[in-house]
Every structure is written in C-alpha cells, then in structure tokens.
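J.: The following block contains the structure, expressed as structure tokens.
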Amino acid sequence: MTPRADPLTVEVVDLIGTIVARYHEEYEHAASQHSLTGAQARVLGLLAVEPLPMRRIAQRLKCEPSNITGIVDRLESRGLVERRPDPADRRVKLAAPTADGRRTAERLRGSLHFAREPLSQLTVTERTLLKELLQRMLGTAPE
C-alpha cells in the first residue's frame, strides 16, 4: 500500500500545479497574440536561444520528432524559422530563427507578465533559494 502524502506536501503540490496552470494559460494567450500556438511559441523560444536539430527540440519539449517537423514547417512558412546545415555535421539540418523570428520570440517573452510578477515579490535571496530548491527537486542542483 502506498503511504498517503502529508497535508503540507499535498498543499505544496497543489500550489505548484496552480502556478504551472496559470503560467500555461498566460503563455497560450501571449502566443495567440502573435498568431502562434503554444507549441509554436515554445519551439521559437528554444530556437531564439540557439539553433537546434529537430531531434533535440523534440527531446527538450518531450514530444515526437514528427510533431516538431510540422511545427517547424509552419514557422518556416511564416518566415520565422529557417533550416540550415549544421556546421559540425552537414548531414544534419538545424532549425534557426530568422531575424523576424528572434524579434517575435523577444516580444513574446516580454509579454509574459505572470512568470515575473510573483517572483518580483521575492527578495534576491528568496529567489535564489527557490531556484536551488527547484533544482534539487529536479536533480539538477550544482554540486
């Protein structure tokens, strides 16, 4: 039999779920303001950081590479993304944002207020502690 979670753990999990749901809701709304789906906005946001092969995009977004191909096709048809050879391996194609794609990703990121507003109420020390706790929960805390 699985032990029941204590009330504090249940409350923390519920609060995390509420934050995630509100973030996704705002993200979808912000994406629609730029005539993008949430998935298209997430791909464009990843590519604004660095060009990536389709397989790596799929790994980061935890989805099938075939889904990413369709998303990149639609972004490419809008002039937001282009495919180019990987300089390290010419057999691999990278998806990369165009100048318009980078501007769109920047405007999208700037329109996400929910993610910043609650965090701005925390001190730098509290945000640092929260970051470290979240990293520890994910097993990515630096040694």
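The values are calculated or read from the model by the stated rules, or taken from the named source; none is laboratory data. What you are looking at is a predicted structure, and each value in this text was computed from that prediction instead of being measured. Note that each Cβ is placed from the backbone with ideal geometry, even for glycine, and that neighbours are counted across all protein chains shown. SASA here: full protein model, heavy atoms, side chains in, ligands and nucleic acids out. Shrake-Rupley method; radii C 1.70, N 1.55, O 1.52, S 1.80 Å.
J.: Quick one: Val13 ticks every box in (1) modelled with pLDDT under 95; (2) within 16 Å of Gly101 (Cβ to Cβ); (3) open to solvent by 50 Å² or more (accessible area, probe 1.4 Å) bar one, so which box is it?
T.: (2)
J.: If you don't mind, there's one more thing I want to ask. State all residues of the range 40-78 that are touching a residue at least 40 places away in the same chain (Cβ under 8 Å) and small (Gly, Ala, Ser); if no residue qualifies, say none.
T.: Once the filter is applied, which keeps residues that are touching a residue at least 40 places away in the same chain (Cβ under 8 Å) and small (Gly, Ala, Ser), the range 40-78 yields Ala41, Gly45, Ala48.
J.: Given the conditions (1) in contact with a strand residue (DSSP E or B) (Cβ under 8 Å, 6 or more places away or on another chain); (2) open to solvent by less than 30 Å² (accessible area, probe 1.4 Å), report the number of the one that Gly70 does not fulfil.
T.: The single condition Gly70 does not satisfy is (1).
J.: I need the full set of residues from the range 20-59 which are exposed (fewer than 13 other Cβ atoms within 10 Å of the Cβ) and either out of contact with any helix residue (DSSP H, G or I) (no Cβ under 6 Å at 6 or more places or on another chain) or under 22 Å from Glu117 (Cα atoms) (or both), in order please.
T.: Within the range 20-59, the subset exposed (fewer than 13 other Cβ atoms within 10 Å of the Cβ) is 20-21, 24-25, 32-33, 35, 49-50, 55.
Correct list: Val20, Ala21, His24, Glu25, Ser32, Gln33, Ser35, Val49, Glu50.
J.: Can you find, within the range 112-136, the residue that is modelled with the highest pLDDT among those that are open to solvent by 80 Å² or more (accessible area, probe 1.4 Å) and outside any helix (DSSP H, G or I)?
T.: Gln121
J.: May I pose another question? List, please: which pairs have Cβ atoms under 9 Å, are six or more places apart or on different chains, and start with a residue in the range 11-33 that is more than 22 Å from Arg109 (Cβ to Cβ) and end with one that is open to solvent by less than 100 Å² (accessible area, probe 1.4 Å) and not aromatic (Phe, Trp, Tyr)?
T.: Listed pairs, sorted by first residue: Val13/Ala5.
J.: Also: Could you list, in sequence order, the residues of the range 83-105 that are in contact with a strand residue (DSSP E or B) (Cβ under 6 Å, 6 or more places away or on another chain) and open to solvent by 60 Å² or more (accessible area, probe 1.4 Å)?
T.: Those that are in contact with a strand residue (DSSP E or B) (Cβ under 6 Å, 6 or more places away or on another chain) and open to solvent by 60 Å² or more (accessible area, probe 1.4 Å): Arg83, Arg84, Lys93.
J.: Please verify whether Arg103 is in contact (Cβ under 8 Å) with a residue 24 or more places away in the chain and either among the β-branched types (Val, Ile, Thr) or closer than 25 Å to Leu119 by Cα (or both), treating the condition exactly as stated.
T.: Details: in contact (Cβ under 8 Å) with a residue 24 or more places away in the chain: no; either among the β-branched types (Val, Ile, Thr) or closer than 25 Å to Leu119 by Cα (or both): yes.
Taking the combined requirement at face value, the residue does not satisfy it.
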